[in-house]
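So the structure is just underneath, and the comments pick up after that.
The values are calculated or read from the model by the stated rules, or taken from the named source; none is laboratory data. A quick note: this is a predicted structure, and the numbers were derived from the prediction, not measured. Cβ: placed from backbone, ideal geometry, glycine included. Neighbour counts: every protein chain shown. SASA here: full protein model, heavy atoms, side chains in, ligands and nucleic acids out. Shrake-Rupley method; radii C 1.70, N 1.55, O 1.52, S 1.80 Å.
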Amino acid sequence: MHKDDIRPPPEEIILYEKDPKTKIATITLSRPDQLNAPTIAARLRYAKLIHRANVDDDVKVLVIRGVGNNLGGGADLAEQADMLGDNPDFSLLHEFEIGADEDVKYPPKGSYRYLAQLTQLYANSNFGCRSLQDFKKISILEVKGYCYGWHFYQAADADMIISSDDALFGHPSFRYVGWGPRMWQWAETMGLRKFMEMVFTGRPFTAREMYDCNFVNSVVPRDKLEAEVAKYANACAINRPTDTVYMLKTLFETFKQQKGEYMGSVLTGWLESMLPVVKNDGGELKLDDETFDKGVNNAVKDNDDLYPADWRLSKSGRRKP
């Protein structure tokens with residue numbers, strides 16, 4: 001069992017500030033020693049902060065950024081190791097913000113609902129994977145270094161992405177299970193042909209490649225990144241009334257839903273819930289006790305060596321022959 005007390009409290013991982021004068025708020029992901037991985041509690045705090053910023057008349061623009069060299073490498077998978085491990089009595093009630101003493105019984109491992117209830121939960125904007133979809137103000141994602149996994153979900157849903165030229169985009173799950181919760185939205189925002197390339201090769205895309213896909217709005221050198229984000233945020237904050245922004249976001253959301261954004265989230269949730277019936281061919285990286293005991297990052301790095309250098313997920317691996 002991975003104890004919560006070895007992880008920082010959510011208030012230390014997800015920081016929030018706002019400037020009522022500029023109407024710009026900032027969510028900062030602050031866990032650089034773990035590639036800014038949000039815990040379950042931190043992800044829930046993130047969702048609540050987006051909800052508050054949506055209501056707050058002091059906020060018109062929300063900037064999301066990470067501390068350190070990376071936006072982030074995805075969620076804290078080690079925290080979720082027990083979910084996929086051999087413990088038959090492990091409960092996922094904490095994901096639903098239901099206490100173990102609240103007389104609620106979670107479905108057992110081996111049942112369809114054990115994973116299905118959780119993966120469908122991820123389509124709910126209140127639980128931190130899809131929260132930016134319901135945000136009716138302007139969201140800007142500042143990307144540097146890794147933008148993988150859960151952080152790549154945020155890139156799918158943000159209104160604008162400003163990236164440093166050293167950034168890498170993708171999802172390690174394309175190497176070990178083959179899917180992620182924002183599949184539909186990535187296909188829409190990257191373009192189907194390029195996204196299929198990412199999924200089936202498992203390779204990350206550079207910032208310049210993502211710009212060429214029309215996924216990223218601006219690519220600048222790392223030392224120019226904060227200034228570029230500030231330029232976009234300030235322009236958005238002074239342009240148009242907030243009521244107009246809200247109406248336009250409703251229009252854009254209608255467009256996304258006509259294209260099937262929420263349906264895509266539900267379908268991917270169904271796909272993820274089928275993990276127990278997937279039969280591996282033999283040599284693939286798997287999310288099992290052996291991988292978690294070794295460490296997911298270490299397992300992914302070892303698997304990385306099988307790929308061409310410029311298709312590897314890790315920066316250190318990309319520098320090797």
Cβ charges +1 (Lys, Arg) and -1 (Asp, Glu), total dipole of the chain, debye: 1100
Anything over 24 Å Cα to Cα? Flag those among 259/286; 144/256; 259/279; 224/256; 23/256; 21/231, in the order listed. 259/286; 144/256; 259/279; 224/256; 23/256
When ligands, DNA and RNA are left out and all protein chains stay put, how many square angstrom of accessible area per residue does the chain have with a 1.4 Å probe? 49
For the stretch 11-165, what % of the accessible area comes from carbon and sulfur atoms, probe 1.4 Å? 48
Do any trypsin sites (Lys or Arg not before Pro) in the stretch 1-98 lie in a loop, going by DSSP, with at most 14 other beta-carbon atoms within 10 Å of their beta carbon, and if so which? 3, 21
Residues whose modelled amide H sits under 5 Å from the amide H of residue 75, counting only those 5 or more places away in sequence or on another chain, are 150, 151
So how do 196, 247, 160 rank on accessible area, 1.4 Å probe, biggest first, that is with the largest at the start? 247, 196, 160
Taking 2.2 N^0.38 Å as the expected size of a compact globular protein, what ratio does the Cα radius of gyration of the stretch 204-321 give against it, to two decimals? 1.54
Please state the Cα pair-distance histogram of the chain with 20 angstrom bins from zero: what percent is in each bin? 32, 60, 8
With N set to the residue count of the stretch 81-226, report its C-alpha Rg divided by 2.2 N^0.38 Å to two decimal places. 1.21
Using θ = phi - 60° and the Karplus relation 6.51 cos²θ - 1.76 cosθ + 1.60, list the HN-Hα couplings for the stretch 232-244 in order, rounded to whole Hz, with x at every Gly or Pro. 5, 5, 5, 5, 5, 6, 9, 9, 6, x, 4, 4, 5
Can you put 250, 119, 201 in order of accessible area, largest first, using a 1.4 Å probe? 250, 201, 119
Spin-label point model (7 Å from Cα, Cβ direction): what's the residue 277 to residue 69 distance in nm? 4.3
